[in-house]
Amino acid sequence: MTIRTTTRARLALTSAVLLVGAVTTACGGSGGGAPADASKDEFCKAQSSLFTDLDLDFSDPDAKLPSEKEMADAMHSWAEKMEEVGTPENISDEARDGFEETVKAAQDISEDDLKSPDLNALENDMSEDAQKKVEAFTTYVNDTCGSMFGDLDVPEMP
């Protein structure tokens with residue numbers, strides 16, 4: 001396995017932790033106070049800031065990976081940006097609920113959470129309602145901003 005693949009897998013895992021772990025940390029997170037009138041550009045810039053803040057170079061297979069602490073710190077910063085920017089007006093209520101849960105999860109995530117999360121267990125613990133909210137937010141982000149991985153070939157997680 002190359003470092004490039006490891007970086008992609010780790011980022012996919014991190015994203016999954018944010019999106020899937022949101023529902024296990026709190027329902028109705030603190031994103032409820034976030035504005036609901038962000039422009040599409042502001043929202044998408046804030047949404048992608050997690051990866052830009054980590055300053056990853058996907059073209060360099062020898063690039064240093066961020067530590068779990070650096071990733072947790074980046075997620076905390078991302079959550080602050082997302083809560084400050086909020087969502088565009090056209091987001092559905094269900095996707096907005098998914099946003100709120102995701103922001104809360106990012107605020108609460110720790111270095112230890114990123115060391116070896118069991119994504120299957122997180123998914124199994126999600127209620128059907130929570131799964132729909134997170135899926136709605138993920139779909140909204142992808143439809144509005146495009147995939148956070150751009151055209152990268154992200155490996156499937158086991």
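In the range 67-114, what residues are basic (Lys, Arg) and either more than 27 Å from Asp55 (Cβ to Cβ) or under 12 Å from the mean Cα position of the chain (by Cα) (or both)?
Correct list: Arg96, Lys104.
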query: Which pairs have Cβ atoms under 8 Å, sit 6 or more apart or on different chains, and link a residue in the range 34-54 that is without any contact (Cβ under 8 Å) to a residue 40 or more places away in the chain to one that is open to solvent by 50 Å² or more (accessible area, probe 1.4 Å) and among the basic types (Lys, Arg)?
result: Ala46/Lys81; Ser49/Lys81
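Just checking, which of Asp41, Asp57, Asp53 is surrounded by 13 or more Cβ atoms within 10 Å (Cβ to Cβ) and modelled with pLDDT of 50 or more?
Asp53 is the lone residue from the list that is surrounded by 13 or more Cβ atoms within 10 Å (Cβ to Cβ) and modelled with pLDDT of 50 or more.
The values are calculated or read from the model by the stated rules, or taken from the named source; none is laboratory data. This is a predicted model, so every value here is computed, not measured. Heads up, the Cβs are rebuilt from the backbone with ideal geometry, glycines too, and the neighbour counts pull from every protein chain shown. These area figures cover heavy atoms from the full protein model, side chains too; ligands, DNA and RNA do not enter into them. Shrake-Rupley method; radii C 1.70, N 1.55, O 1.52, S 1.80 Å.
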